[in-house]
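Heads up: the structure comes next, in structure tokens.
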Amino acid sequence: PRSGTGQRMTSYVNWITGPSRSADIEQSLTIGVHGPSEVHCVILDNGRTRMLDDPNFRDALTCIRCGACSNACPPFMAVGGHQFGHIYNGPIGLVLTPFHHGLHEADLPNTLCTQCNACQEICPVDIPLPRQILEHRRRGRKSLRKRSLLGVWERPGLANAVLRAGAPFSGLVPGAPKLAPRPYRDRAPLAGGKGEPLTIFASCMVDRMLPEAALALEQLARAAGFDVGFPKGQWCCGLIAANAGDFEGGYKLNTSLVECLRDSKGPVVTPSASCFGAFTIDALEWGPQDGASDLRSRFRDSTRFALELVADQPDLVRPATDRQRVAYHDSCQSLRQLGLKSEPRRLLELAGYEVIEIPDIANCCGFGGTFSVEWPAVAGRLADWKLDAIAKTGCSVVASDNPGCLVHIAAAARRRRRPLRIAHVLELVADRLEPTAGAAR
């Protein structure tokens, strides 16, 4: 049963048929003999009419109070109910509280959501809880820490200066993400060679924190015969701002990206699964998408793209002499928003690896965009659970297709001094490319 109580029907559902009825006395139906003779129904509105009138929140009224969303919520597992909510707790509590007690009572608890979508996945009546929580974030107050981060991120020139200045010192803070000494944009190619054109959208995180993933995508595309380009004006898809509740800022970043990539040719491939989902799905809710439909149709997530290449051209990778064991981490967006489950595993298998499942309970690594900035201790606890689960696999290599997850898990591994290689799935595929692949193409 999907109910949080483990029952087929939630214990919060009661059937009331009216006053007590009995025909025990001379087989004559009599009201009120063994119970109340009247039933009075008192309806408390308490904000529910406003919920009914708001199309974003109307579905929350179908909640059957089973508690399944709390059981599935990774941050709730980490902090418990006293912190995660105000009277009504758990994901559904984050949605109900602003209507029952005011938005100010939910501003802090709402930041505890990682937007992993586990609550909607488990909900028996499919309430879009993540989107509703995000809407409260949009309307509510932002912390100074969040406003400061977004203030930098939404100004590409300022972000570039800050990240370059901070890169040499980023590894000095235990458990903090490490910035690359040299971003991908400093070594990215310019299109103009032979072959079908392909554009890389690296994403801000890959560009600055995981350039190896973009380099691996470039290697694989070149080996398959593509002419690879990287427009230097690209920055962020807007996801980090929108997930923090700043839809306006997310829209501006997304619009800038559209303008940068508008004249690109061929497929636009990104090694960030969450950014692919943001650009092709989420951005439609941030503002008008004038002229972006053609670009969205050309966007490709790197996992499916690479799988098609390797499946169609098996000679791209050299035969495996040993099948190295790799623990695979499903990012929340890849798994629940994009439905990527078998594809990354199949890609690694075609490249000669043995994929090992990670036996964790929370699934989410704890990154969650600005969640890990506002709640580093909670994010660290979720990352520790992930590392403990990885240790049970016996693997020394961990792969995923989401740069945020990879950077967060890698930071936790450095903090705990775990000798793990934490790599994008494309890096592992690139390691198995034939040295001569693409030379004759």
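The values are calculated or read from the model by the stated rules, or taken from the named source; none is laboratory data. In this text, all values refer to a predicted model and were calculated from it rather than measured experimentally. Note that we place each Cβ from the backbone using ideal geometry, even for glycine, and neighbour counts take in every protein chain shown.
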Note to self: Checking the conditions here, which among Leu172, Leu94 is more than 24 Å from the chain's Cα centre (by Cα) and either within 27 Å of Ala78 (Cβ to Cβ) or at pLDDT 95 or above (or both)?
What the structure shows: Leu172
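Residues Phe84, Phe99: which one is among the aromatic types (Phe, Trp, Tyr), out of contact with any strand residue (DSSP E or B) (no Cβ under 6 Å at 6 or more places or on another chain) and closer than 18 Å to Ala362 by Cβ?
Phe84
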Next item on the list: Would you please name the residue that is surrounded by the most Cβ atoms within 10 Å (Cβ to Cβ), looking only at residues in the stretch 331-364 that are under 17 Å from Pro75 (Cα atoms) and in contact with a Ser or Thr (Cβ under 8 Å, 6 or more places away or on another chain)?
Entry: Cys364
Margin query: Would you confirm, using the coordinates I've provided, whether Leu172 is in contact (Cβ under 8 Å) with a residue 60 or more places away in the chain and assigned by TED's automatic domain parsing to the domain that holds Gly157?
Written below: no
Notebook entry, point to check: For residues in the stretch 377-423 being among the small types (Gly, Ala, Ser) and over 20 Å from the mean Cα position of the chain (by Cα), which is nearest to Leu179 (Cα to Cα)?
Noted result: Ala413
Margin query: I need the full set of residues from the stretch 290-308 which are under 16 Å from Lys252 (Cβ atoms) and either touching a residue at least 24 places away in the same chain (Cβ under 8 Å) or not in a loop (DSSP other than H, G, I, E, B) (or both), in order please.
Written below: Gly291, Ala292
Check: Mind checking which pairs have a first residue in the stretch 108-132 that is not assigned by TED's automatic domain parsing to the domain that holds Ala68 and a second that is β-branched (Val, Ile, Thr) and surrounded by fewer than 23 Cβ atoms within 10 Å (Cβ to Cβ), Cβ under 7 Å, 6 or more apart or different chains?
Finding: none
Notebook entry, point to check: What number of residues within the stretch 310-330 satisfy the criterion of being surrounded by 19 or more Cβ atoms within 10 Å (Cβ to Cβ), of a type outside the set (Val, Ile, Thr) and not in a loop (DSSP other than H, G, I, E, B)?
Noted result: 3
